[in-house]
There are 2 protein chains.
Amino acid sequence: MIRTGVQQMARGLCQIMRREISKGNFNNNIRQQMTPRGTLQFPWSSINSVRTMAVLPWPFAFQPRDFSLPNTSWGSDMRRLYEHYNSQCEVETDDGEKKWGVWRRLPSYNRSLKYATGGVYLSKIIQSKARLFTRNIREQGAAFEYVVFVNKQEQKCVCVFQAGHLLEGPPGHVHGGAIATMIDTVTGTHATYLSGPVMTANLNINYRSPIPLGSTVLLTCSLDKKEGRKTFVSCQVTNTDSSKLHTEATGLFLSITMGHLLGG
Amino acid sequence: MIRTGVQQMARGLCQIMRREISKGNFNNNIRQQMTPRGTLQFPWSSINSVRTMAVLPWPFAFQPRDFSLPNTSWGSDMRRLYEHYNSQCEVETDDGEKKWGVWRRLPSYNRSLKYATGGVYLSKIIQSKARLFTRNIREQGAAFEYVVFVNKQEQKCVCVFQAGHLLEGPPGHVHGGAIATMIDTVTGTHATYLSGPVMTANLNINYRSPIPLGSTVLLTCSLDKKEGRKTFVSCQVTNTDSSKLHTEATGLFLSITMGHLLGG
């Protein structure tokens, strides 16, 4: 079989990428990229240029859009809560130096590991067009607007979520599946932050009161316990001042290596 | 306060609509429209012309697109299973007459009760642009392609679901939230078919094996029990020949009147 130089090079890059994945060097959940210590970095900064080329559309690597940053669709509640937590991500010492605060804002992309599908057969069309479910709508404010902050010290995590008009279920209210999607996303992110790569094994969701379309809510997650490969996380969805409980849930996550997912 | 004739007329139509809703004449879930006996009709056929005008964009009522019908994005598995169940929706008697079979295909729209938000305050922009979460993507095949069939005799329900490239979670696989969304949709539809208007109270989902992006799966629902206002439904998500279990879940649904949702 004859391959062109470009094909060989692309194949080599993919192999490097898959080796890194099988060594567990990548966050399988692709929700966020973190170093093992939990400190945050720009998602590609820990990856050398060759691997970056394998991750991003070759040959032109570009800066992907970070969806966790404010945009013009964000309402006053969303902006206020974003500022509240974001202002605690970096603090100034008495000497005027800046250092990390107790919270970390997690960046969010519409896809990260473009070629990390390994053992799964996907058509080229699906592969090239695939997008993260929660970031698949181009129109700002139409669907999921959210930002996640984690607090390593208290082992908790909050997500400020504004539900757009394309998430309707019962008339005028957010679809139960859209709420489940945010719960899976945030509890999964928290479990990954605490335990490294995980897969969702169970979600148990109690819907208490419907969420009006267009409103902003808070998802607050905390660690219940860790047992071997299992991480148990609980989550509450409330209005912005936490006076009304909309939904509560528990999530069970299993630690995995990328090999589990790639079938290798 | 002075109102123009058009404003008064529009207000009158909305009042009629809300009266019907408060009497429980409408399926609150808006997933499908059924008569009390569970026989299927074109969703607007049981509503007189005045109410139709209140439901559809006034003054020009149109036929909304039925998303449960085949389109060019459907793969061979999706088409084959659609044909399998659809061929059992209508049977021919020995006399050559046609009659209902054991299955019913449920039509599916991207929104039904345009003005049924009653007590919920929504901005005019959100109100006019709201779309059902599972039918909010215009591109065929990109997200949720599904069709639901119910079997009154056996009190079961199946959904053929093709997961598009915009539903990605773990690389190359369907997002847990997208699976939860389909489970909520299909179990909720089944509960509505059995018990009338309901709201989701609990979903308990066990994820057994990930679903590759682009694949077609079957959701099979059955009634577990009914206790007063509660309807318990279970659901299994399998590959198309039911040899592999991807996800299993239970759903608890509470019977309601539209007044519950509208806060009236």
Average beta-carbon neighbours from other chains, 10 Å sphere, peptide B:140-149: 1
Inter-label distance, nm, simple model (7 Å from Cα along the C-beta direction), residue B:83/residue A:242: 5.8
Chain B residue with Cβ closest to the axis mapping B onto A, distance in whole Å: B:180, 2
Check: region A:75-184 dipole with +1 on Lys, Arg Cβ and -1 on Asp, Glu Cβ, in debye: 700
Per-copy distances of the residue A:140 label point, shortest first, in nm (7 angstrom along Cα→Cβ): 3.3
Order by protection proxy (mean Cβ within 10 Å, highest first), peptides A:200-213, B:81-94: A:200-213, B:81-94
Teacher prompt: residue A:242 distances to equivalent labels in other copies, 7 Å Cα→Cβ, nm: 4.8
Sorted peptide list for A:179-188, A:214-223, criterion being average Cβ within 10 angstrom, highest first: A:179-188, A:214-223
Solvent-accessible area buried by A and B, counting both chains, probe 1.4 angstrom, square angstrom: 4100
Cross-link partners of residue B:225 among lysines (Cα-Cα below 24 Å; sequence separation of 8 or more within a chain): B:152, B:156
Within region B:199-242: backbone nitrogen closer than 17 Å to the residue B:102 label point (7 Å, Cα to C-beta): B:220-223
Within straight-line cross-link reach of residue B:124, lysines at Cα separation under 30 Å, skipping those fewer than 8 residues along the same chain: A:244, B:23, B:114
At 7 Å out from Cα toward Cβ: residue A:96 inter-copy label distances (nm, ascending): 9.9
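The values are calculated or read from the model by the stated rules, or taken from the named source; none is laboratory data. The shown structure was predicted, so the numbers you read here are calculated from the model rather than taken from an experiment. Cβ: placed from backbone, ideal geometry, glycine included. Neighbour counts: every protein chain shown. To get the accessible areas, we keep the full protein, side chains included, count just its heavy atoms, and leave off ligands, DNA and RNA. Shrake-Rupley method; radii C 1.70, N 1.55, O 1.52, S 1.80 Å.
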